[in-house]
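To keep things clear, I will list the structure first and then write my remarks on it.
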Amino acid sequence: IRLNADGDSYFIGGDVGIGTTSPSDSLELKDGELRFNRTGTNAHQYRMGCVNLGTGDFYIQDMDAPADPNRFVINNSGSVAMGADQPLQQLHIKGTDPQLLIEESSTEFVRLGVEATGGDMCLGWDDSDDMHFGLFSSTTDATIDSKMVINSSGNVGIGTTTVNTKFI
């Protein structure tokens, strides 16, 4: 062990336990939390740990937002919440105008969520591609069996991928 107040400190050999005398891994923190504290310019604090928010959930909290600190929670069932205290579904996203973004690149993406201006639900994609609704034969199938297509001009085709006119 080397502890140096003015330089590097380190521990060589064995496992380290905080709150336990018999750590079961390289670093074990028992019944506690880790706090990340940035001081000076852009000061900010986060903490993470396992507590009984529900029944032993893992969380990351923003300590500079005490009214609603939870930024990320995984409950003991494996469900995930972002911006919510507890996930109500397998994936729960909560916030002002929340949206889910699935992006391959800045020109290949789809967004699903709450529209920022009107508060309506929205499903949108980049402006140069068509949106296909259809069937995949498996979770790894790369080709969709299109049942409905909306092209980038707003034309709709049902039962065809040839879309030439607006659907009224």
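The values are calculated or read from the model by the stated rules, or taken from the named source; none is laboratory data. All values reported here derive from a predicted model rather than from experimental measurement. A quick note on method: Cβ atoms are made from the backbone with ideal geometry, for glycine too, and the neighbour counts reach across all protein chains shown. Protein only, heavy atoms only, side chains kept; ligands, DNA and RNA dropped before computing areas. Shrake-Rupley method; radii C 1.70, N 1.55, O 1.52, S 1.80 Å.
For the stretch 114-168, name all the residues that are exposed (fewer than 10 other Cβ atoms within 10 Å of the Cβ) and among the hydroxyl-bearing types (S, T, Y).
Listed by number, the residues that qualify are T117, S128, S137, S138, T139, T140, T143, T162, T165.
Scanning the stretch 60-115 for residues that are β-branched (V, I, T) and outside any strand (DSSP E or B), which turns out farthest from E33 (Cα to Cα)?
Here the residue is T107.
Please state which of the following conditions I144 fails to meet, knowing it meets all the rest: (1) modelled with pLDDT under 90; (2) more than 30 Å from Y46 (Cα to Cα).
(1)
Out of all the residues in the stretch 108-116, is one or more more than 19 Å from I93 (Cα to Cα), modelled with pLDDT of 85 or more and of a type in the set (D, E)?
Among the residues of the stretch 108-116, at least one is more than 19 Å from I93 (Cα to Cα), modelled with pLDDT of 85 or more and of a type in the set (D, E), which makes the answer yes.
For the stretch 63-96, how many residues are in contact with an Asp or Glu (Cβ under 7 Å, 6 or more places away or on another chain) and of a type outside the set (A, V, I, L, M)?
5
Could you tell me whether the stretch 32-40 includes any residue that is over 30 Å from I12 (Cα atoms) and more than 13 Å from the chain's Cα centre (by Cα)?
yes
Which one is modelled with the lowest pLDDT, of the residues in the stretch 13-24 that are under 22 Å from R2 (Cβ atoms) and exposed (fewer than 10 other Cβ atoms within 10 Å of the Cβ)?
G13
If I filter the stretch 47-65 for residues that are of a type in the set (S, T, N, Q), open to solvent by 70 Å² or more (accessible area, probe 1.4 Å) and within 22 Å of the chain's Cα centre (by Cα), do I get at least one hit?
yes
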